[in-house]
Every structure is written in C-alpha cells, then in structure tokens.
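Here is the structure we will look at.
Taken together, the values in this text are just the output of simple stated rules run on the coordinates, not laboratory data. Note that the structure is a prediction, hence the values are computed from the model and not measured. Reconstructed Cβ throughout: ideal geometry from the backbone, glycine too, with neighbour counts over all protein chains shown.
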2 protein chains.
Amino acid sequence: MRKPEKLEELLSAAHQVVSRDGIARLTLELVAREAGVSKGAVLYYFSTKNALIGAMLQTYLDWHFIEWQEKLAQEPETPGRALRSLLTVSTCPDEMDQRGGAGMLAAVANDPELLQIIRTRVTEWDALLHKDGIDPTITLLIRLAIDGLKFCDLLGIAPPPQEARSQVIAFLQNLATPETTKTE
Amino acid sequence: MRKPEKLEELLSAAHQVVSRDGIARLTLELVAREAGVSKGAVLYYFSTKNALIGAMLQTYLDWHFIEWQEKLAQEPETPGRALRSLLTVSTCPDEMDQRGGAGMLAAVANDPELLQIIRTRVTEWDALLHKDGIDPTITLLIRLAIDGLKFCDLLGIAPPPQEARSQVIAFLQNLATPETTKTE
DNA sequence: ACAAACTGACCGTCTGGACGGTATAAAGCT
DNA sequence: AGCTTTATACCGTCCAGACGGTCAGTTTGT
C-alpha cells in the first residue's frame, strides 16, 4: 500500500491543469479530478495548496540541477563548462520545464513568498556560474538570455522560431568558449 | 467633475496594490480603498476587472513605445538605431515599468487571454527591430537579454547589481553598433 | 432640473480547507 | 488459522470567507 508515485501523479496533474486551463483554474478540485481522485486525497498528500505549489517548484529545481550536472560531466574541462552545459540543457525544453513554468506562475499568483525557493536556488547556481572562469559580463549576458527565452516561451510572447533560437544558442556557446581552446 | 485623470489615479492605485501586496490581492475593493473611493467607483470606470487589467497593460505599452521613439530620435542614423535606443530605455527603469510588470502578472493570474494585447504589440516591435540593419541573431539576443532582465527584476530572482547590469548593457550597445561607424 | 459621478448594501459563486467516516492491509494476539 | 487492533489511504460533505459584479439610490456640478 505504498504510494510515492501518487505524489508524482498529482504533481503532473497540477501541471496539466495549469497548462491547459491557466493558473486561475489551478484549484484543488480540478487537480483532483485530473488525477482521478477526490479533493480530500490531494489534501492528504499536500496539506495545503501552497505545499502543492512548493512541491512543483522543488521537483522542477531538483530535476533541472541534475540534468545540468549530467551535461556538465560531458563537457570538456575548460573554462565555461558550466555555462556551456547550461546552454545545452536550455536548448531542449522538456515537459519538466513546463512544470517549472507552471509552478512559478502558480507561486506568483498564490503566494509570492513561495518564490523564495527559487531565489535561493538560482542565487546558488549563479555563484557556480561565476566560478566558471568566464568574464562576468558574458556570464550574466548568457543567464539573462536564457531567462528571456524561458520567459517568452512561458507567456507565449513572440517566442522565436526554432532556427533563430538555435543560432542565438550557438552564438552564446561561442562566447562561453575561451579563445585559446577553440577547435573549430 | 473631470474623468480622465481619475482613470490614471485608479491605474496607479492598482499598480500600488500589486507591488505591495502581490497579484493575489489585486481586488476591486483594495484598489478602491487605495484610491480612496468605493468599489462601485472603480466599476464605474472599468466595467470589469479584466478591463482594469487591460488598461494597465495598454497604458504601459503606449508609454513604453513613446519613450522608445523619443530615444530613437536622438540616436545617430546608423544601423542598429532601434536596438540602441531600446537598450537605453531599458537601462533606466521607471515606475511605469513596474506598472507594466504588475499588469502582466495580473493578466496571467486572471485571464491569460489578456496577454494577447502584449503579444501583438511585441510582435510588431520585433518586426521593427528586424528592419534595423543588424544581424538577426544579435537582434534576438538583445531582445532576450532585455526580457531576461525584466523578468529577473519582476520576480526578484537574482536581480543583477547595478554595475553588472550597466556592463551588460554596454556590451550589447556595442553589438548593436556597426563596426564601420564606431567612434570610440 | 438633469446628468454625470459615486456610494454602499446586497447576491451568487467559488474555493481552501476542516472533518468524520470508510475501506484495505498489515501486525499482533490467541 | 481465526480474530482483533491499528495505521494508512482516501472519500464526500459542509462551511466560512472572499470576490466580482449588480443596482437602486444619493451627491455634485452646471
């Protein structure tokens, strides 16, 4: 009678609701219906709505970090490793990324305090990036561009076409590669 | 018994509420209280809550476009004018920018359909940028970086310190200036 | 006097969450 | 092996507060 995967199910259902109906409709009951359980069940797993949203954020952040570290391991050990792997991860958006977006929107809409979870994590990651041996201005530029891309996609505001997107990424990859080690 | 400046007052009050209490608390009653009128008064000017949010968006977009065009007029007539002036505008965030952010958040939280207003405008502006004579990849990069900056500021997620910020802007200004016309 | 500007009481609906109950399975007891 | 206890997983009902919006009426300017 163990059910840790039920948790995952509910999280996924929540994300589904948000991306189909919008955050305004992220209600405990709709999440329950989407997952095929009762509202009571949702509250059994997440004692409060905020807890649900927090979990959406948390699981996304964990996933994203792991994904990043995996790509990082494959990157040659030259300055800019962390930046290049982060760019690689950002190129291929996953369903998990949508969950992150949904979680962020839900957080903003319900209790901005929840954003604290993201704030501390991103600040940590930013510190890692700045130990990467690349000019801090370039580092910041890359981070901003990635965020901008996520932002456009999230709200559907003039999201760039695939080709333009990959060209920008390529340009940034180049900026994150030190001159002395370039092979191409 | 004049109307138009009362409208502005209400819009400003709405923005105040959002930035102080969060979008979740953007309620007709709170806006009314903030502006020192009754809820009925708010509904007298904006027949619906969506209309209020729409107006927040609209006034911001109008203001932003005008600001941009003013800076553009001061820019030397070389390729990249539009980009450089846009960057200049984005350097010095105004209270109006916050209203734009508040409006966007409110739109997302209440009725994502409202984002359509932004979508069409930004798409238009993007078209203008691409007639600016600068490599489309650079153009996109600059737009993304600006959006990323707005995004970080809006949610308070690792907003870069002032100095780093102006260095990135300077870097981008440089990218938006054709080689042949550089004077510095 | 007449319209525009504004009020405040009221209503219907929605939603988070509390709560008491139920089914199921495992553990303990004999 | 049979019976009781207990903890887990979940259901369905109910409620109190909040919020958008309506409306009949009142004030204010001209």
Check your understanding: What dipole magnitude, in Debye to the nearest 20, does the protein assembly as shown give about its Cα centre under +1 on Lys/Arg Cβ and -1 on Asp/Glu Cβ?
Key -> 980 debye
Point to revise | Nearest-first distances (nm) between copies at B:Arg119, label 7 Å from Cα via Cβ | key: 3.2
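Using a/c under 1.5 as the rounded threshold, could you call the stretch B:93-184 rounded, prolate or oblate? The axes a ≥ b ≥ c are square roots of the C-alpha gyration tensor eigenvalues, and prolate needs a/b larger than b/c, oblate otherwise. Spell out each step's value before the answer.
Working: a/c = 2.93, a/b = 1.45, b/c = 2.02.
Oblate, since a/c reaches 1.5 and b/c is not below a/b.
By per-residue mean of other Cβ atoms within 10 Å, what is the highest-first order of B:34-46, B:133-145? Walk me through the numbers before you get to the answer.
On the way: B:34-46: 15.8, B:133-145: 21.4.
So the peptides B:34-46, B:133-145, ranked by packing, come out B:133-145, B:34-46.
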Exercise for review: Please give the net charge around B:Leu141, taking every other residue with its beta carbon less than 12 angstrom from that of B:Leu141, where Lys and Arg add +1 and Asp and Glu add -1.
Suggested key: 0
**Study point:** 10 Å Cβ neighbours from other chains, averaged over peptide B:167-175
**Key:** 3
Point to revise | Inter-copy label distances at B:Glu5 (7 Å, Cα→Cβ; nm, one decimal) | key: 6.7
Review point. How many nanometers, to one decimal and shortest first, lie between the label point of A:Gly156 and those of its other copies, if labels sit 7 Å from Cα toward Cβ?
Key: 3.0
Exercise for review: Name the shape class, rounded, prolate or oblate, that the alpha-carbon gyration tensor gives for the stretch B:1-100, where a ≥ b ≥ c are the square roots of its eigenvalues, rounded holds for a/c under 1.5, and otherwise prolate holds if a/b is larger than b/c and oblate otherwise.
Suggested key: prolate
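What's the average, rounded to a whole number, of partner chain beta-carbon atoms within 10 Å of each residue's beta-carbon in A:153-162?
Per residue, the average neighbour count from other chains is 5.
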Point to revise | Residue-wise HN-Hα coupling along the stretch B:97-106, computed from phi with Karplus coefficients 6.51, -1.76, 1.60 (Hz; x: Gly, Pro) | key: 4, 4, 4, x, x, 4, x, 5, 4, 4
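Calculated FRET efficiency, B:Arg33 and A:Thr120, Cβ-Cβ r, R0 35 Å, to nearest 0.05?
Details: r = 34 Å, r/R0 = 0.97.
Calculated transfer efficiency: 0.55.
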Study note, to complete from the structure: Row for the stretch A:51-121, column shape: gyration tensor on C-alpha, a ≥ b ≥ c, rounded if a/c < 1.5 i.e. under 1.5, prolate if a/b over b/c, else oblate; value prolate
Review point. How far is helix B:4-21 tilted off the main Cα axis of chain B, in degrees rounded to 10, range 0 to 90?
Key: 80 degrees
Practice item. Work out how much length A:Ala170 to A:Glu95 would gain on full extension: take 0.36 nm times their residue separation and subtract the Cα-Cα distance, in nm to one decimal. Key: 24.7 nm
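Using only DSSP helix segments of four residues or longer, with each worth -39500 (n - 2.57), what per-residue ellipticity at 222 nm results for chain B after dividing by its residue count and rounding to 500?
Working: 9 runs with 135 residues, N = 184.
Theoretical 222 nm ellipticity from helices: -24000 deg cm²/dmol.
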Exercise for review: Starting from the Cα of A:Glu163, move 7 Å in the Cα-to-Cβ direction to define the label point; list residues of the stretch B:103-120 whose amide nitrogen is under 15 Å from there.
Suggested key: none
Point to revise | Inter-label distance for B:Ala127 and A:Glu77, nm, one decimal - labels placed 7 Å from Cα along Cα-to-Cβ | key: 5.3 nm
Check your understanding: With the dipole of the stretch B:39-137 worked out from charges on the C-beta (+1 for Lys and Arg, -1 for Asp and Glu) around the Cα centre, which of B:Gln69, B:Thr123, B:Thr91 lies farthest toward the positive end?
Key -> B:Thr123
Check your understanding: Angle between the Cα long axis of helix A:49-74 and the longest principal axis of chain A, 0 to 90 degrees, nearest 10?
Key -> 30 degrees
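Calculate the mean, over all residues of peptide A:98-105, of how many other protein chain Cβ atoms lie within 10 angstrom of the residue's Cβ.
On the way: counts 0, 0, 0, 0, 0, 0, 2, 4.
The per-residue average across the peptide is 1.
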**Study point:** For the stretch A:114-174 versus the stretch A:10-83, the gap between their alpha-carbon centres in whole angstrom
**Key:** 20 Å
Practice item. Would you mind checking the tilt of helix A:136-155 against the longest principal axis of the Cα atoms of chain A, expressed as 0 to 90 degrees and rounded to 10? Key: 40 degrees
Exercise for review: Mind telling me which of B:Gln162, B:Gln173, B:Gln58 comes out most flexible in a GNM of chain B, alpha-carbon contacts under 10 Å?
Suggested key: B:Gln162
